[in-house]
Structure formats: structure tokens, C-alpha cells
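All of the numbers you see were taken from the coordinates with simple rules; none came from a lab. If you're wondering where the values come from, they're calculated on a predicted model, not measured in any experiment. A quick note on method: Cβ atoms are made from the backbone with ideal geometry, for glycine too, and the neighbour counts reach across all protein chains shown.
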Amino acid sequence: MFKEDLLKGKRILVTGGGSGLGKEMSRYFLKYGAEVLICGRRVGVLEETAKELMDEQGGSVKCYGLDIRGPQDVDNVINEIFEEAPLDGLVNNAAGNFISRTEDLSHRGFDAIASIVFHGTFYVTHAVGKRWLELGRPGNIISILATWVWTGSAFTVPSAMSKSGIHSMTQSLATEWGKTGVRINAIAPGPFPTEGAWARLSPNQDPDEAKSDSSGAYSQNPMGRVGEMEELGNLATFLMSDGCNYLNGQTIAIDGAEYLTGGTFYRQLASLKDEDWDALRDSIKSTNEKDKAKRSV
Ligand code: HXC
């Protein structure tokens, strides 16, 4: 869809780039000639992804172990990256989420999500953005949000609150940094099934089943299907390229128009009983424990 070298010469950092949507966007940046840097908490997962993407697309993918919840760790890693060579693009993709009745959340449960999505995204944006300003270099930021920045979302209140904050950061920084050549936009993906998100948001459904499910849950999507990674990869590539620099401060939904139907988790989850919620929590926590076992930072 684009010229092969559309992103040639660009150095792009994708947070949470080892898996899920971050890995898929990295694949397309690499395909269009960018040098890709990925960071995340699970170094083993990052390294496997880097190898897979380089074997498939060629080019260079570098890995950095980083938990974006630590501001000093973020600053150290961004400093190390800029000392090698300045970045041209940043994708704020790292996130945390799980469905839960809000009354069942502990403070730590709220903080687990807000500290990644709200605080961590700001730390990375700040560390990268201030270096671009100091160097007088242009830069391009994309944050991965969700359509619940416009609708709110029952049963994922910490994520809805945090992502809405990043939506506001996108609008605010686009105006504050407009003259500097640093621009900032966001993508609000609808259903793009990935292992990590599905285990925490739709634990009763296999992400592969969701892809072929046109008669079940996704019959509520006006297009009758979930999104394809190539569609997301193309949008991220377009936003990262230089042809649309006047596009600034926008959050763009890519969801087959699902949010316009008023579709959030509410309809699926409002009728669940106490025992259903207990079972869902156990299933999500067992996924979290398995992931934790793979972490090294
Ligand atoms: C209630 C829960 C819970 C659950 C965890 N907690 N899961 N509470 N229901 N299902 C509580 C724990 O009990 C604990 O509180 C607190 O949260 C912290 O738990 P930890 O496991 O110690 O947290 P941590 O290791 O920091 O893990 C963070 C995480 C985890 C967010 C909880 O899920 C994670 O690492 N996620 C990363 C990947 C991810 O979430 N991907 C999905 C992104 S989807 P107590 O009080 O018991 O100590 C997304 C939006 C997509 O972002 C939008 C699609 C439309």
C-alpha cells in the first residue's frame, strides 16, 4: 500500500513492542524501512520478537528491558537510546488492563493499571519529548488508546480513566509543542484480538475464535468482524510517515464503527453473577502469574 522505503531513516521506539499490537505495528514499521526499538518487561519475549521480525522483514530491531512505571528507569533507557542516536518516532503502546467490577478493585488493582497507562505513558512521552525539544529536532508520537476515551467503559474503569488522560495529553501537547515540529496523535483500536488483551478482557473467548466469529460477539460490529493487524499497521505507518504533518492532536478510531453503536463491555458483562466474576478473576490472575514468571525487570 505504501512505497517500500516510506519510513527509511526513521528510528522508532515501540513500548510494549514484544507482543500484541506493539509487535504488529513494529512489523509494519520494519517492513517500510524504519529501524525499530522495542521495550518491555519481558526481555525473553522481546528478543524472540526481534528475531522473528528481523528474519521476516530484514532490518534492525533492538530490545530494551524496561518497566515504564519507573520514571528513573525510563529516563535512563531513553538517555541510552538518544546517546546512540536520536529517535524520530515513539509509539506509546504498553498498557495493562483487566475486567473487574469496580467495587471489587483494591487500590493496588487500580494503581497496577493507572501506573502503566497514565503515569508510564507520560514518563516515556516526557523523556523523549524533552530531548527532541532540547535538540531542536522534529518527532512523532502515537499513543494507543481505546474508543472508551469517548464513551467511558463499565468494568474497565481504571483503563478508561487512564486512557482518557492520555487522550487529553495528546490534545494538550499537540498545541503546546505545535511550533516545535513534534506532533502527537493517537489511535483508538476496536477489537483486534491478541493473546494478552483477550486473556484479561474476554477470558472466555479464544482470540483465534474471535477472528472467525461473525455470528457471535462480533455480530454487534457494523462490519461483522474484528480488525485485521494489517489495517492497524497501515494506519500507524501512515501516521508515522511525513506526508501528513498537519494532522496533529487527533485520536483516530479504527473499529469498524463499533463505538458509534454504543458498544462497550456493558451489555456483555452487566448480567454476570458473583460466581461468574469469581471465575473470571481467577482466570485473569492465573494469566498474570504466568506472565510474571517470564519477566526479568
Ligand atoms: C481484580 C486484580 C485482577 C483481577 C490483578 N488484580 N488482576 N483485581 N481482578 N482480574 C489486582 C491484584 O489483586 C493486585 O491487587 C493488583 O491488581 C496488582 O496485581 P499484580 O499481578 O501484582 O500486578 P502487576 O504484576 O503489576 O501486573 C499488572 C497487571 C497485569 C495490569 C495487573 O494484568 C499486566 O501485567 N498486564 C500487562 C498486559 C495487559 O494487561 N494486556 C492487556 C492490555 S489491553 P492486591 O490488592 O490483591 O495486591 C488494553 C486495552 C485494550 O490495554 C482495549 C481493547 C478494546
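Can you say what percent of the DSSP beta bridges in the chain, counting only those with both residues inside, are antiparallel? Round to 5.
For the chain, the DSSP antiparallel bridge percentage is about 0.
Using the 2.2 N^0.38 Å rule of thumb for compact globular proteins, work out how region 81-135 stacks up: its C-alpha Rg over that value, please.
Details: Rg = 15.3 Å, N = 55, 2.2 N^0.38 = 10.1 Å.
Relative to the rule-of-thumb radius for its length, region 81-135 sits at 1.52.
Count the net charge of all other residues whose Cβ sits under 12 Å from the Cβ of Pro203, scoring Lys and Arg as +1 and Asp and Glu as -1.
Working: positive: Arg200, Arg281, Lys285; negative: Glu195, Asp206, Asp276, Asp282.
My count for the surroundings of Pro203 gives -1.
Pick out, in residue order, every one of the GluC sites (Glu not before Pro) in region 229-284 that is DSSP loop and has at most 10 other C-beta atoms within 10 Å; say none if there are none.
Details: sites: Glu230, Glu231, Glu258, Glu275; in loops: none.
Counting only loop positions with at most 10 other Cβ atoms within 10 Å, none of the GluC sites (Glu not before Pro) in region 229-284 qualifies.
Report, in deg cm²/dmol and to the nearest 500, the calculated mean residue ellipticity at 222 nm for the chain, where each DSSP H run with n ≥ 4 adds -39500 (n - 2.57) and the sum is divided by the residue count.
Numbers: 12 runs with 137 residues, N = 297.
That comes out to -14000 deg cm²/dmol.
Which value, in debye to the nearest 20, describes the size of the charge dipole of region 1-153 about its Cα centre when Lys and Arg Cβ atoms bear +1, Asp and Glu Cβ atoms bear -1, and nothing else is charged? Write down the numbers at each step before the final one.
Numbers: 17 positive and 20 negative charges, 58 e Å.
In total the dipole reaches around 280 debye.
Rounded to the nearest 20 debye, what is the charge dipole size of region 71-138 about its Cα centre when +1 sits on each Lys and Arg Cβ and -1 on each Asp and Glu Cβ?
Values: 5 positive and 10 negative charges, 45 e Å.
Taking the Cα centre of region 71-138 as origin, the dipole is about 220 debye.
As a test of understanding, state the convex hull volume per residue of the chain from its alpha carbons, in Å³. Intermediate values should be presented prior to the final figure.
Details: hull volume 37.8 nm³, N = 297.
With only Cα atoms used, the chain gives 127 Å³ per residue.
Ranked highest first by average number of other Cβ atoms within 10 Å, how do 17-26, 220-229 line up? Walk me through the numbers on the way to the answer.
Details: 17-26: 25.6, 220-229: 15.8.
Output ranking for 17-26, 220-229: 17-26, 220-229.
Lys and Arg at +1, Asp and Glu at -1: add these up for the other residues within a Cβ distance under 14 Å of Lys290 and post the number. Intermediate values should be presented prior to the final figure.
Numbers: positive: Arg41, Arg42, Arg200, Lys285, Lys292, Lys294, Arg295; negative: Glu195, Asp282, Glu289, Asp291.
It works out to a net charge of +3.
Taking amide hydrogens as modeled 1.01 Å from N in the peptide plane, which residues meet the under 5 Å criterion relative to Thr251, leaving out close sequence neighbours?
Ala186
When only C-alpha pairs under 8 Å and at least 6 residues apart count, what is the relative contact order of the chain, in percent?
Taking the mean separation of contacting Cα pairs over the length of the chain, I get 20 percent.
At q = 0.12, 0.16, 0.18, 0.21 Å⁻¹, what log₁₀ I(q)/I(0) does region 132-251 have when each alpha carbon counts as one equal point scatterer in the Debye sum?
Log10 of I(q)/I(0), two decimals: -0.54, -0.87, -1.01, -1.20.
In nanometres, what is the gap between the two model label sites at Glu56 and Asp208, each 7 Å from Cα along Cα-to-Cβ?
The modelled label-to-label distance comes out at 1.6 nm.
What area, in nm² and to one decimal, does the C-alpha convex hull of region 1-119 cast on average over all directions?
Values: hull surface 33.6 nm².
That works out to 8.4 nm², a quarter of the Cα hull's surface.
Using 7 Å Cα-to-Cβ label points, what is the Glu47/Met1 separation (nm, one decimal)?
Output for this residue pair reads 3.4 nm.
So what is the relative contact order for region 168-264, in percent, with contacts set as C-alpha pairs under 8 Å and at least six apart?
Details: 111 pairs, mean separation 40.9, N = 97.
That works out to 42 percent.
For Lys62, which aspartates and glutamates qualify as cross-link partners when the Cα separation must be under 13 Å and same-chain residues fewer than eight apart are set aside?
Glu35, Glu47, Glu48, Glu52, Glu80, Glu84
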